[in-house]
Amino acid sequence: MARAPAPPRAPSRRRRRTTSGAARRLWRCVHGLTCPHLALSSFRYRVEYTRDVSSVTPTIISVATVPDCATYYAAERNDAQPEHLASYQFKMPTAANVVYAVGHQHVGALNISLVVNDKIACTSFPRYGTQDDVAGDEKGYVVQMSTCVDEASGPLRLAKGDVVRIDSWYYVGSDDKRLLYSDGTHLNVMGYMYMGFTKADGTRLQGSEEQLLGPPQPRPSDLPKPVHWERSVVRGTPTWRQAAAPAAADVEEA
């Protein structure tokens, strides 16, 4: 008599764990065991300091961001007008000296400028890497920004009432030869100008928290009404950001 076939086995509820060789090697590397497939890297820093605190001039670090204090923004493709501009403008509430300024931008950037009373005071340019697999010179990426104001240029002196504008330019054409790939659109880009201020009259600041400039003044035509400013911290630096005004009921409850 023929033997009856065995009934089909029910599928197991237990998941079978499969791990590739690359994943196993990565796990061993992350957990500090062995990393035979990775080349060792090292970093070298040069730090200058002084114990003579009296010889150091206190400064206030300010960050102006475009457009209108935005953390980031989108520069969308436009082959008809491939140079994209975003700006932020404020008026100096008091006289001050800019002793250091440098821009911060992302891939696709052309430059970022500090403009005073409609005249370009200085410009910070990105440098793009040109080599494959070379740390610090990665091909197609922004690897450095030139300084806008530094010791070599001397301080930028601003008077009370001066109108300061930050202009951030990006290339949004689909034929950017500097990049490994781009269709022209750059999302979540930044246009930051970091600035170090000192008092114009030569007196010393009482500390980095002294309100030399106060909250920035927005352009009324660009902002919804009503608005108010909230204090926040970006990378350890006190800043101000625009926010919707609280509702009347919220104010009464507070």
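The values are calculated or read from the model by the stated rules, or taken from the named source; none is laboratory data. What you see is a predicted model, and the numbers here were worked out from it, not measured in a lab. A quick note on method: Cβ atoms are made from the backbone with ideal geometry, for glycine too, and the neighbour counts reach across all protein chains shown.
Identify, from the list Asp176, Asp201, the residue that is loosely packed, with under 12 Cβ neighbours inside 10 Å, part of a loop (DSSP other than H, G, I, E, B) and at pLDDT below 95.
One residue alone meets the criteria, Asp201.
Would you pick out the residues in the stretch 121-140 that are free of Cβ contacts under 8 Å to residues at least 40 places away in the same chain, surrounded by fewer than 15 Cβ atoms within 10 Å (Cβ to Cβ) and on the phi < 0 side of the Ramachandran plot?
Result: Arg127, Thr130, Gln131, Asp132, Val134.
If you scan the stretch 72-88, which residues turn out to be farther than 14 Å from Tyr170 by Cβ and either modelled with pLDDT under 90 or buried (at least 19 other Cβ atoms within 10 Å of the Cβ) (or both)?
Correct list: Tyr88 only.
Would you call Asn78 in a loop (DSSP other than H, G, I, E, B) and more than 18 Å from the chain's Cα centre (by Cα)?
When the stated conditions are applied, Asn78 passes them.
Within the stretch 144-171, which residues are among the aliphatic types (A, V, I, L, M), surrounded by fewer than 16 Cβ atoms within 10 Å (Cβ to Cβ) and in a strand (DSSP E or B)?
Residue satisfying the conditions is Val163 alone.
Can you spot a residue in the stretch 208-221 that is assigned to a loop (DSSP other than H, G, I, E, B), out of contact with any Leu (no Cβ under 8 Å at 6 or more places or on another chain), modelled with pLDDT under 75 and small (Gly, Ala, Ser)?
Within the stretch 208-221, one or more residues are assigned to a loop (DSSP other than H, G, I, E, B), out of contact with any Leu (no Cβ under 8 Å at 6 or more places or on another chain), modelled with pLDDT under 75 and small (Gly, Ala, Ser).
Pull out all pairs, ordered by first then second residue, where Cβ-Cβ is under 9 Å, the residues are six or more apart or on different chains, the first lies in the stretch 183-194 and is closer than 10 Å to Ile112 by Cβ, and the second is at pLDDT 95 or above and aromatic (Phe, Trp, Tyr).
Within 9 Å, the pairs are Gly191/Trp169; Gly191/Tyr170.
Output the residues belonging to the stretch 54-70 that are of a type in the set (Ser, Thr, Tyr) and either at pLDDT 90 or above or assigned to a strand (DSSP E or B) (or both).
Once the filter is applied, which keeps residues that are of a type in the set (Ser, Thr, Tyr) and either at pLDDT 90 or above or assigned to a strand (DSSP E or B) (or both), the stretch 54-70 yields Ser62, Thr65.
Being surrounded by 15 or more Cβ atoms within 10 Å (Cβ to Cβ), farther than 26 Å from Ala80 by Cα, within 15 Å of the chain's Cα centre (by Cα) and modelled with pLDDT of 95 or more is the requirement here; does Ala101 meet it?
Spelling it out, Ala101 is indeed surrounded by 15 or more Cβ atoms within 10 Å (Cβ to Cβ), farther than 26 Å from Ala80 by Cα, within 15 Å of the chain's Cα centre (by Cα) and modelled with pLDDT of 95 or more.
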